[in-house]
Amino acid sequence: MSEYLRLFIATALLVPATLLPIINPLAGAPVFLAATGGDERLTRIMARRVGINCFFLLIGALLIGGYVLDFFGLSIPIVRIGGGLVVAASGWRLLNDTGQDAIHRSVADSTGSMSAEEIAHRSFLPISFPLTVGPGTIAATIALGSKRPEDAINLIPQLAGALVGLTLSATVVYLTYRYSGSLLIRLGTTGTMVLMRLAAFILLCIGIEILWSGLSELVRTR
C-alpha cells in the first residue's frame, strides 16, 4: 500500500471516529423524533436538511477554522491542545452523563408546540446547530484541520480523506435521524446506553491523543 493511499484511508477513518462520538446522533435522535412529531414525510425532509447542514458546518470548520484562529494569533499546537481538551472533556462528560443536557431539553420544549412548517424551517437552528453540531464538534474539527502537512503532495490525499470522512459523518447523522424511530426501538434503553458509553470512551482516548500531539509539538518548538 502506497503512503498516499495509507494517508487517505487513515484520514477518512480518523475524521468520523473523532467527530461521531461528539456529535452523538443517537443522543439527539429522540429530540429529533419529538421535533417531527413522528410524521414520516417531515422526518425524511428534516433528516436530509440536517445532514446537508452538518456537512457544510463541518467542512467550513475544517477548511476555514484554522485561518480564523491564525487571524487571532493562535498557534497550531495550542489549537490541538485546546481541541484535545474539549474532545476529552466531552468524552468524560458523556461517560458520566445520566440524562439529557440543557440543549436537549430546550429543543424538545421549543418544538413541542410548533407546526410542521415551523419545525421544517428550524432544521438548521437549533436541530443542526447546536443540537447536532455544537461547539465541541466544531473545536474538534478545527483541531483535525490543524494537522495539515506542509507539502502539497501529502495535502491532497489528506484533504480527500477528510472530505470522505466528513461525508460519512454527515451520512451517519442523516441515517440515524431518518430512521430514528425504528433504530431506538431496536436498540432499546440498555442497548442505547451501552453504545453511547462505548463511543464516549473512544472519544476520551481520541481527545487525549490530540492533546498529547499538541503538547509534544509545543515542547519540540520551545
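In a residue-by-residue description of the stretch 73-83, the property of being buried (at least 19 other Cβ atoms within 10 Å of the Cβ), closer than 24 Å to T221 by Cα and within 13 Å of the chain's Cα centre (by Cα) applies to at least one position.
Taking the criterion of being surrounded by fewer than 17 Cβ atoms within 10 Å (Cβ to Cβ), in contact with a Gly (Cβ under 8 Å, 6 or more places away or on another chain) and touching a residue at least 40 places away in the same chain (Cβ under 8 Å), would at least one residue in the stretch 40-62 satisfy it? Scanning the stretch 40-62, I find no residue that is surrounded by fewer than 17 Cβ atoms within 10 Å (Cβ to Cβ), in contact with a Gly (Cβ under 8 Å, 6 or more places away or on another chain) and touching a residue at least 40 places away in the same chain (Cβ under 8 Å), so the answer is no. When the stretch 1-39 is filtered for residues that are hydroxyl-bearing (S, T, Y) and outside any helix (DSSP H, G or I), only S2 remains. Applying a threshold of 9 Å to beta carbon distances and a minimum spacing of six or more residues, or different chains, the list of pairs starting in the stretch 1-27 at a residue that is among the basic types (K, R) and ending at one that is modelled with pLDDT of 90 or more reads R6/P157. From the list V173, V194, the one residue that fits, being touching a helix residue (DSSP H, G or I) at 6+ places or on another chain (Cβ under 9 Å), among the β-branched types (V, I, T) and buried (at least 17 other Cβ atoms within 10 Å of the Cβ), is V173.
Scanning the stretch 1-48 for residues that are among the charged types (D, E, K, R) and closer than 23 Å to I142 by Cα gives a single hit, R6. Checked against (1) in a helix (DSSP H, G or I); (2) modelled with pLDDT of 80 or more, G73 meets all criteria but (1).
The values are calculated or read from the model by the stated rules, or taken from the named source; none is laboratory data. Keep in mind the model is a prediction, meaning the values are calculated, not measured. All Cβ positions, glycine included, derive from the backbone under ideal geometry; neighbour counts span all protein chains shown.
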